[in-house]
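The values are calculated or read from the model by the stated rules, or taken from the named source; none is laboratory data. Worth saying up front: this structure is predicted, and the values here are computed from it rather than measured. Glycine also receives a Cβ, built like all others from the backbone with ideal geometry; neighbour counts cover every protein chain displayed. Quick note on the areas: whole protein, heavy atoms, side chains included, nothing else; ligands and nucleic acids left out. Shrake-Rupley method; radii C 1.70, N 1.55, O 1.52, S 1.80 Å.
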Amino acid sequence: MTDYEAATAFLGEWGLFQQQVFFLLCLSIIPNGFAGMSIVFLADTPHHRCLIPANVNITSAWRNSSIPLEKDGHSGALLPSKCSRYKLEDVLSFSDRGFLPGVDVNLSNVRTESCLDGWEYDHSVYISTIISEWDLVCDDRWKNPLTSSIFFCGVLTGSFISGQLSDRYGRKIVLFVTMAVQTVFTFIQVFSPSWPVFCAVFFVVGLGQISNYVSAFVLGTEILAPRVRTIFSTAGVSLFFGAGYMLLPLFAYFVRDWRMLLLGLTLPGLFYVPLWWYIPESPRWLLSQGRVEEAEAIVRDAAKRNKIEPPPVIFSPLQQELQCEKRKPHNICDLLHSRNIRWISVTLWLVWNTVTIGYFALSLNTANLHGNAYFNCFLSAMVEIPAYALSWVMFRWCSRRLSLFSTLFMGGLFLLFIQLIPANMIYVSITLEMMGKFAVTTAFAIVYAYTAELYPTVLRNTALGTCSMASRIGSIIAPYFIYLRSYSIALPYILMGSLTTLSGLLSLLLPESYGMPLPDTITHMQHFPGCCQKTPYTLTHTEEKENAAEKKSPVVP
């Protein structure tokens, strides 16, 4: 059998066709950057205190002293309570008798009550958020992390169904359908009348968000040649995701109302409709379905765009055994079928889960950091850009396994060091947190590309979707890691640091894929330590030359 990469080598690596696929797929990733992190501003909690109704006839002295002072658990300063007030009937009585707070009345002896008339919110940062609109504070503050968790439940569901749909019906159709789902339901979310409706629609937005990301990632991985594929799967999609993430705080800075912010985030989706006519289906996937004529038509069109004359026959007849395996329908159960693929899958699921906890917990925590929320979010997004560049460098020249191990292990250490920093050294703690975010982000980019290399074409989208699905357990509980700050500031960092460090050690068990060809069938996969491989996949002479050339000179788009 002439393998796909050898059969399409005549196209070259960086012609007009490859450039078009590379940049258009990367552009489709941008909305994922701001949609995935928009909850940082949509559900930020403004400063608030109990509302004292304007029609209550009390003196200005008592109105200013009607909220008890409580010791802040972070700074130790005395701040107005967010969830209680002095009992209003007592305050009225003292005010009517002309008593002065703190002079005639010892405030520590005055009874308190909950915020029976609601809350008043500080509008210096936000005009409104879902927290201030639906009073998700005090006894209802548990709804804040649950909102993010419901979004990630949608991401989990999308990971589960989109991979299998993509492997069955094609990468392109799933990519565009899920982009439409994300755009339409984000628009519907603008008109949410209540928190439950907002969460229900947010679930569907999460479903579409991960589905189009994974589909675009796999589509580019399968179409592009080896060296450009490495750039696309690490720096390419990641940098454009980071660009979308960086645009979020810039846009949110000028749009302080949560409904208008969501409306603005739907607009880019309208510009992606014309891409349907410029992004092709994956010829690899078409071949795996036995649709050789359609695959050849796409490759011949690519040759025309690159101004290259294609050979008379592009794909030679497939070997009967491989042809049968490729046409056999595959599903999620195949990821656990044999001992080898089962151990690879379980290990990757655990690693993905930990990476996702670290990445999303640190990203969602930016609103809690000292200083301006917009700047902190922009800083968190900005550190991802050099992280993605580093992921490409490491993926280009270094061992996949050691790259993943080193970034996870160092990220865990940075997070563990935060608890050793004195409370007054705030900026040192923020620096360590951003270094941890840098390392975890690098690991996130590497594990995506690494996973795509380990699994075969017949299962690649299902495998990536399943790994993403398994990791969503981490993203679902990530908001609650931040919620632990209310008990101890150091506790989230201790848990995240420990899990990330252990995950780095676990990644050393994965097989190495550096310099190996992209597997097409399950029998071509690298083997897990201790699992024998009946039919090893050896490099062809063409592949050996390609890998040798790849190590000598990088291709930079």
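Quick rundown of the values:
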quantity	calculated
Net dipole in debye of segment 388-520 [+1 Lys, Arg Cβ; -1 Asp, Glu Cβ; about Cα centre; nearest 20]	120
Sites matching GluC sites (Glu not before Pro) across segment 241-318 that sit in DSSP coil, with at most 10 neighbouring C-beta atoms within 10 Å	none
Anisotropy class of segment 40-150 from Cα gyration tensor, a/c 1.5 cut	prolate
Helix axis angle, 171-189 relative to the chain longest principal axis, alpha carbon, degrees	10
Cα-based helix-to-principal-axis angle, 490-506 vs the chain, degrees rounded to 10	10
Counted charge near LEU362, where neighbours are those whose Cβ lies closer than 12 Å (Asp, Glu -1; Lys, Arg +1)	-1
Rounded to 10°, Cα long-axis angle of helix 373-382 versus longest principal axis of the chain	20
Electrostatic dipole magnitude of the chain [Cβ: Lys, Arg +1; Asp, Glu -1; Cα centre; debye, to 20]	660
All aspartates and glutamates inside 18 Å of LYS307 as judged from Cα atoms, apart from same-chain residues fewer than 8 positions distant	GLU13, GLU296
Probe 1.4 Å, all protein chains present, accessible-area order of MET425, MET469, largest first	MET425, MET469
Solvent-accessible ranking of VAL355, VAL197, largest area first, probe 1.4 Å	VAL197, VAL355
222 nm mean residue ellipticity, helices alone, for the chain (DSSP H n ≥ 4; -39,500 (n - 2.57); rounded to 500)	-19500 deg cm²/dmol
